[in-house]
């Protein structure tokens, strides 16, 4: 197996001079925040799940980040960030490589080197599998699918899972000015942007721990109502430390008097902003009457543009590729569509299997029982 090396902090080595023989690609594990983010941002327009901060936010006694880069003559040509986690403290781990590889058109040579290195990572973490979900539309994958299959990845038929980043997402192009963004909205959305403020409410931008606590309270109430679990307070604290405290994120709350009506948490990485969590207080009639959700999402757009972002990722559509009004998630899709968001379908999921017998048991659990356990957790977590 290809050894994993720890890279010292410092600039990336320059490419070999023209005319000299290229060295064999090598795979290194990156431990430094600045170095890793420089590498992945130089390789394209990565999802925040490939950022250094995302792995640190998920780090706990059951999860550890992994960050590997392929260097050719000292120059990064590919990279992959992942998190090795042990569900419920199990003795074996699952490696989640959401929205990797970078760049998406990685060729057979670098991919083969990376796969061999991942074998060493898998042994270290006693991994059953590595789940990969490239952030690329099916018609833009080029030879990526063939490259992955040739390197022992299994292409899954699943359209969605309860624990991976969604394949169907909503995005908004932030490059037009505010006036153009308003014109692109549905009329009812445009007319409701400041209804909250017009009736005595306000919108707060927060980066404090108290702001995160208030948002999580909104999410927990909504999660119990809809049967969706909410991550722990420790996880939200970690998100704040990794993003908000560094000026790379916001909690935005719509408030009337002393009551939080709606809120969201968003972060940025590179020139892409991500809406991670949003919730509304449906126990208060003013939430709907004043369109509190519309107010906080408009402030999200303004914040992301001011932060220099070109794209706002609104997260999953929670519908099929051809949304129908009869689908449970259609209301969320329709709300986002009102702001001018477009629906994007990304490529599928791929598994690299390290322990075949345990993998078969895991897939059975994932397909048959995981959704029921997920709903149970929402009521007891």
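Below are the figures for this structure:
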| read-out | value |
| --- | --- |
| Positions within the range 87-97 being modelled with pLDDT under 95 and on the phi < 0 side of the Ramachandran plot, in sequence order | 87, 90 |
| Residue match in the range 12-30 (condition: modelled with pLDDT of 95 or more and part of a loop (DSSP other than H, G, I, E, B)) | yes |
| Unique match (being in contact with a helix residue (DSSP H, G or I) (Cβ under 7 Å, 6 or more places away or on another chain), in a loop (DSSP other than H, G, I, E, B) and modelled with pLDDT of 60 or more) among 46, 76 | 46 |
| Qualifying residue in the range 184-206 (condition: under 20 Å from the mean Cα position of the chain (by Cα) and either in the same structural domain as residue 286 (by TED's automatic domain parsing) or closer than 30 Å to residue 362 by Cβ (or both)) | no |
| Some residue of the range 38-47 being more than 25 Å from residue 248 (Cα to Cα) and surrounded by fewer than 16 Cβ atoms within 10 Å (Cβ to Cβ) | no |
| Condition check for residue 224: under 16 Å from residue 278 (Cα atoms), within 27 Å of the chain's Cα centre (by Cα), at pLDDT below 95 and assigned by TED's automatic domain parsing to the domain that holds residue 307 | yes |
| All positions within the range 266-302 that are more than 19 Å from residue 256 (Cβ to Cβ) and part of a loop (DSSP other than H, G, I, E, B) | 270, 271 |
| Residue 315 vs. criteria on the phi > 0 side of the Ramachandran plot, surrounded by fewer than 22 Cβ atoms within 10 Å (Cβ to Cβ), in a strand (DSSP E or B) and under 20 Å from the mean Cα position of the chain (by Cα) | yes |
| Flag for residue 76 being in the same structural domain as residue 359 (by TED's automatic domain parsing) and more than 16 Å from residue 26 (Cα to Cα) | no |
| Residue within the range 87-94 that is buried (at least 24 other Cβ atoms within 10 Å of the Cβ) and either out of contact with any strand residue (DSSP E or B) (no Cβ under 8 Å at 6 or more places or on another chain) or closer than 20 Å to residue 31 by Cβ (or both) present | yes |
| Selected residue [crowded, with 17+ Cβ neighbours inside 10 Å, more than 20 Å from the chain's Cα centre (by Cα) and within 24 Å of residue 126 (Cβ to Cβ)] from 83, 27, 77 | 27 |
| In the range 240-249, the residues that are under 17 Å from the mean Cα position of the chain (by Cα), under 20 Å from residue 301 (Cα atoms) and either in contact (Cβ under 8 Å) with a residue 40 or more places away in the chain or not assigned by TED's automatic domain parsing to the domain that holds residue 205 (or both) | 243, 248, 249 |
| Qualifying residues in the range 49-73 (those that are closer than 16 Å to residue 106 by Cα and touching a helix residue (DSSP H, G or I) at 6+ places or on another chain (Cβ under 8 Å)) - the one surrounded by the fewest Cβ atoms within 10 Å (Cβ to Cβ) | 72 |
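Yes/no matrix, rows are residues, columns are (1) farther than 24 Å from residue 321 by Cα; (2) touching a helix residue (DSSP H, G or I) at 6+ places or on another chain (Cβ under 9 Å):
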| site | (1), (2) |
| --- | --- |
| 149 | yes, no |
| 160 | no, no |
| 172 | no, yes |
| 177 | yes, yes |
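Every residue, every condition in (1) part of a strand (DSSP E or B); (2) farther than 26 Å from residue 62 by Cα; (3) modelled with pLDDT of 95 or more; (4) not assigned by TED's automatic domain parsing to the domain that holds residue 59, yes or no:
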| residue | (1), (2), (3), (4) |
| --- | --- |
| 229 | no, no, no, yes |
| 251 | yes, yes, yes, yes |
| 305 | no, yes, yes, yes |
| 323 | no, yes, no, yes |
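The values are calculated or read from the model by the stated rules, or taken from the named source; none is laboratory data. The structure displayed is predicted, hence computed values, not measured ones. Neighbour counts run over all protein chains shown; Cβ positions are idealised from the backbone, glycine included.
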